[in-house]
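This report concerns only the one structure given below.
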Amino acid sequence: GVSVGASYLENEKQIIAQGRNTASDLSSYNVNFSVNGNISSYIGWTYSFDYSSNEMKLNGIKNNTLSNFQHSALLSVMPQKPLSFELGGEYYRNEIQNDRYKNLLLCDAKALYRISKRFELSLTVNNLLDKRSYSYISYGTISNVESMRQLRGREIMISFFSRCFLPASRGEYTSSVT
């Protein structure tokens, strides 16, 4: 299947900069799409793309336009009925200053074994590349920005999932242990 989306936002306000009232206008738009399919009866894939652009004007003068995009991909393989594997990744390219970019790649993997209709066992590894931080410093004409975000390191989780069926009037109850 295919999905497409878009949004636009415009924000006008007054701010005080260096003791003076200043008109601040921000406009941003976002475009995204996602597509998925099957290579065969046991291999599926998903790809999505997201692009955004933000423009700032102070007193009607264009100050800054920055853009960001993100690619995401997921490959699912089910070689035999009870066993499945997933490998996914996200690539971010963020413009932190005009023509200056910060890139980040994250990858995850998962193995799942369906013991029965009621029980599943999975092994998940998040952040395969063990990225620990995302940081940058941006020097502008009216401000400097320093950004540092701690990312969780590589995570390995073993999970057990059980599904308990209650009487028809109450529906289904699920629980999991990680």
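Dipole check for the chain: with +1 at the C-beta of Lys and Arg, -1 at the C-beta of Asp and Glu, and the Cα centre as origin, the magnitude is about 540 Debye.
Each Lys or Arg adds one and each Asp or Glu subtracts one; over the other residues with Cβ under 11 Å from the Cβ of residue 70, this totals -1. Normalised Debye scattering of the chain at q = 0.12 Å⁻¹ gives log10 I(q)/I(0) of -0.82, counting only Cα atoms as equal scatterers and leaving out solvent.
Heavy-atom accessible surface of the chain, averaged per residue, reaches 70 Å², computed with a 1.4 Å probe. Here the Karplus relation 6.51 cos²θ - 1.76 cosθ + 1.60, evaluated at θ = phi - 60°, turns the backbone of segment 33-41 into coupling constants of 8, 9, 9, 9, x, 10, 7, 8, 5 Hz, with x for every Gly and Pro.
Peptides 10-19, 40-49, 118-127 ordered by packing proxy, namely the average of other Cβ atoms within 10 Å per residue, highest first: 118-127, 40-49, 10-19. For segment 97-139, the Cβ-based charge dipole about the Cα centre amounts to some 200 debye (Lys, Arg positive; Asp, Glu negative; other atoms uncharged).
The values are calculated or read from the model by the stated rules, or taken from the named source; none is laboratory data. Here the structure is a predicted model, which means the values were calculated and not measured. Neighbour counts are summed over all protein chains in view; Cβ atoms, including those assigned to glycine, are modelled from backbone coordinates with ideal geometry. The accessibility values were calculated without ligands, DNA or RNA, using every heavy atom of the protein model including side chains. Shrake-Rupley method; radii C 1.70, N 1.55, O 1.52, S 1.80 Å.
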